[in-house]
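Report on one structure; see the data block that follows.
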Amino acid sequence: MTHETVTYDADEQGRSVHNSTDPLLAIGTGSKTKTDRHQLLGTSWYSGTVKRIFDLSCATIGLVLLLPLLLLIACAVKLTSKGPVFFQQERQGLNGKPFPVFKFRTMYSHLCDQSGVEQTIKDDPRITLVGRFLRKSNFDELPQLLNVIRGEMSLVGPRPHAAGMLAAGQPYEEFDPRYKNRLKVRPGITGLAQVNGFRGETKDAFAARMRLEYDLQYIETQSLWLDVKIIALTFLREFVGGRGY
């Protein structure tokens with residue numbers, strides 16, 4: 001396995017998304033106060049065993065159904081560039097415990113960033129031809145179903161970040177002290193922030209703040225119905241719409 005970094009531009013349209021009339025996707029003006037008061041312990045009936053059963057069941061079924069596609073992608077990656085089919089990068093999981101996140105390799109092996117510091121840019125020359133398709137369709141994320149089965153991730157939750165993640169040029173923990181609260185749950189393959197357009201690079205202060213706001217609201221309000229809705233929206237907006245690069 002090798003290592004590389006995958007990022008996406010924050011959706012500029014997301015600057016108005018938080019005013020959505022959908023109560024399952026919107027952020028209320030009192031979200032920050034509520035977040036601080038409840039300290040995001042994630043102790044709802046759904047946040048423990050029920051969510052784990054849902055994750056494990058869906059991830060297992062997904063791997064079985066997607067096996068032909070996964071094998072096809074693996075062959076395409078292997079036959080079109082030198083190097084391993086998969087790459088892994090250390091990310092922070094539940095309670096900050098590090099774990100290796102799995103993805104299909106989309107960069108030339110000798111150009112991959114081992115540290116995870118160098119973010120991907122549009123038309124990045126390090127990306128292979130097959131890699132561009134995988135990023136555009138977000139199919140490169142599918143191996144994370146293995147992380148879900150291993151218990152390191154959930155289907156839905158805050159996206160896992162590398163240790164030392166920067167927001168607007170400073171450590172996220174300094175940018176917003178509430179950042180540590182997102183580590184109180186398992187990270188997810190997708191999340192409330194992602195389906196609202198706040199994903200990828202966090203160089204912009206507004207995008208970094210809104211991503212965290214959505215992550216914290218998800219932890220407060222997580223439910224089976226919300227997870228189902230986020231998964232459906234991810235399929236429509238990311239896998240079908242293809243906004244990655």
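Any residue at all in the stretch 186-195 that is more than 21 Å from Arg237 (Cα to Cα) and not charged (D, E, K, R)? Explain how you work it out, then say what you get.
Here is the first cut: in the stretch 186-195, the ones more than 21 Å from Arg237 (Cα to Cα) are 186.
Next, from what is left, pick out any that are not charged (D, E, K, R): none.
No: zero hits.
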Exercise for the section: For the stretch 167-176, indicate whether the set of residues that are open to solvent by less than 50 Å² (accessible area, probe 1.4 Å), more than 25 Å from Leu134 (Cα to Cα), at pLDDT below 95 and part of a strand (DSSP E or B) is non-empty. Expected result: yes
Exercise for the section: Looking only at the stretch 212-233, decide whether some residue is under 30 Å from Ile73 (Cβ atoms) and free of Cβ contacts under 8 Å to residues at least 24 places away in the same chain. Expected result: yes
Handout entry: Residues of the stretch 192-206 satisfying the condition of being open to solvent by 10 Å² or more (accessible area, probe 1.4 Å) and part of a helix (DSSP H, G or I)
Key = Gln194, Ala205, Phe206
Fill in the blank from the handout: Just one listed residue, out of Leu226, Leu212, Leu236, Leu216, is more than 21 Å from Leu94 (Cα to Cα) and either among the basic types (Lys, Arg) or assigned to a helix (DSSP H, G or I) (or both), and it is Leu236
Fill in the blank from the handout: Contact list, first residue from the stretch 134-145 and hydrophobic (A, V, I, L, M, F, W, C), second anywhere and part of a loop (DSSP other than H, G, I, E, B) and open to solvent by less than 10 Å² (accessible area, probe 1.4 Å), beta-carbon distance below 6 Å, six or more apart or interchain, is Leu134/Thr106
Completion exercise
Of (1) open to solvent by 20 Å² or more (accessible area, probe 1.4 Å); (2) in a helix (DSSP H, G or I); (3) under 30 Å from Val130 (Cα atoms), Ile189 satisfies every one except (2)
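The values are calculated or read from the model by the stated rules, or taken from the named source; none is laboratory data. Note that the structure is predicted; figures quoted are calculated from it, not measured. Methodologically, a virtual Cβ is constructed for each residue, glycine included, from the backbone with ideal geometry; neighbour enumeration extends over all protein chains shown. These accessible areas exclude ligands, DNA and RNA; they are computed on the full protein's heavy atoms, side chains included. Shrake-Rupley method; radii C 1.70, N 1.55, O 1.52, S 1.80 Å.
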